[in-house]
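Undergrad: Once you've had a glance at the structure underneath, I'll fire off some questions.
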Amino acid sequence: MFKSYIAGFLDADGSIALSKKTSKHPWQRSPEVSFYNADKNILETISKKYGGKVKVRTFANENHNISYELRITSGQTLKLLEDVFPYMLHGKKKKRAELILKYYKECTPRNGKYTSELIKKKEWLNEQVQGIQMRGLGAY
């Protein structure tokens with residue numbers, strides 16, 4: 001039941017992406033799931049199971065309520081996505097999750113040594129995931 005709850009929470013208040021952290025190569029991205037909510041306890045409960053850090057989100061407008069973000073990265077993200085994928089309903093988020101689960105490990109060598117073929121696969125995966133527009137023009 002916990003997995004289906006997290007899937008619904010991800011569908012409503014979360015995001016799935018391939019994130020570029022500090023790499024000098026634009027194709028070198030890693031899976032990331034983020035949750036946003038004003039209830040810190042919910043995020044901490046998810047964090048106990050899947051890791052990640054809960055942080056306060058800051059806003060320029062002082063009238064906004066306090067909000068929190070839980071960001072889960074790399075291998076922890078893959079475990080979370082494996083667990084919740086069958087329960088996800090949001091079509092675009094589910095498609096992003098499917099692409100990451102299906103291809104990420106295949107195009108990411110454990111030793112960090114990329115061949116030109118792996119780089120092309122990784123670039124393709126990045127384009128596919130980022131090409132699924134979540135907001136703005138063409139999202140729905």
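Undergrad: Quick test for you: out of LEU118, LEU78, pick the one residue that is among the aliphatic types (A, V, I, L, M), touching a residue at least 12 places away in the same chain (Cβ under 8 Å), surrounded by 13 or more Cβ atoms within 10 Å (Cβ to Cβ) and not in a loop (DSSP other than H, G, I, E, B). Lay out the reasoning, then the answer.
TA: Working: LEU118 fails: touching a residue at least 12 places away in the same chain (Cβ under 8 Å).
Going through LEU118, LEU78 in turn, the sole match is LEU78.
Undergrad: I'm checking my understanding of the structure. Among residues of the stretch 98-115 that are buried (at least 16 other Cβ atoms within 10 Å of the Cβ) and modelled with pLDDT under 90, which one is nearest to SER30 (Cα to Cα)?
TA: THR108
Undergrad: Considering only residues that are within 24 Å of TYR5 (Cα to Cα), of a type outside the set (Asp, Glu) and more than 17 Å from the chain's Cα centre (by Cα), which ones fall in the stretch 18-47?
TA: Within the stretch 18-47, ALA38, LYS40, ASN41, ILE42, THR45 qualify.
Undergrad: With respect to TYR36, determine if the residue is hydroxyl-bearing (Ser, Thr, Tyr) and either exposed (fewer than 15 other Cβ atoms within 10 Å of the Cβ) or assigned to a loop (DSSP other than H, G, I, E, B) (or both).
TA: Numbers: hydroxyl-bearing (Ser, Thr, Tyr): yes; either exposed (fewer than 15 other Cβ atoms within 10 Å of the Cβ) or assigned to a loop (DSSP other than H, G, I, E, B) (or both): no.
Spelling it out, it is not the case that TYR36 is hydroxyl-bearing (Ser, Thr, Tyr) and either exposed (fewer than 15 other Cβ atoms within 10 Å of the Cβ) or assigned to a loop (DSSP other than H, G, I, E, B) (or both).
Undergrad: Another question about this same structure. Pairs under 8 Å by beta carbon, first residue without any contact (Cβ under 8 Å) to a residue 60 or more places away in the chain in the stretch 1-27, partner surrounded by 13 or more Cβ atoms within 10 Å (Cβ to Cβ) and of a type in the set (Phe, Trp, Tyr), six or more apart or different chains?
TA: Hits for this filter: PHE9/PHE35; ASP13/PHE35; ASP13/TYR36.
Undergrad: Being at pLDDT 95 or above and in contact with a helix residue (DSSP H, G or I) (Cβ under 6 Å, 6 or more places away or on another chain) is the requirement here; does TYR87 meet it?
TA: For TYR87, the condition - at pLDDT 95 or above and in contact with a helix residue (DSSP H, G or I) (Cβ under 6 Å, 6 or more places away or on another chain) - is met.
Undergrad: Can you tell me which residue is farthest from ASP39 (Cα to Cα) among those in the stretch 1-19 that are outside any strand (DSSP E or B) and in contact with a strand residue (DSSP E or B) (Cβ under 8 Å, 6 or more places away or on another chain)?
TA: Initial filter on the stretch 1-19 (outside any strand (DSSP E or B)): 1-13.
Those left that are additionally in contact with a strand residue (DSSP E or B) (Cβ under 8 Å, 6 or more places away or on another chain): 9-10, 13.
Details: PHE9: 12, LEU10: 14, ASP13: 12 Å.
My answer is LEU10.
The values are calculated or read from the model by the stated rules, or taken from the named source; none is laboratory data. Nothing here was measured: the structure is a model prediction, and the numbers come from that model. As a convention, Cβ positions derive from the backbone with ideal geometry for all residues, glycine included, and neighbour counts pool all protein chains shown.
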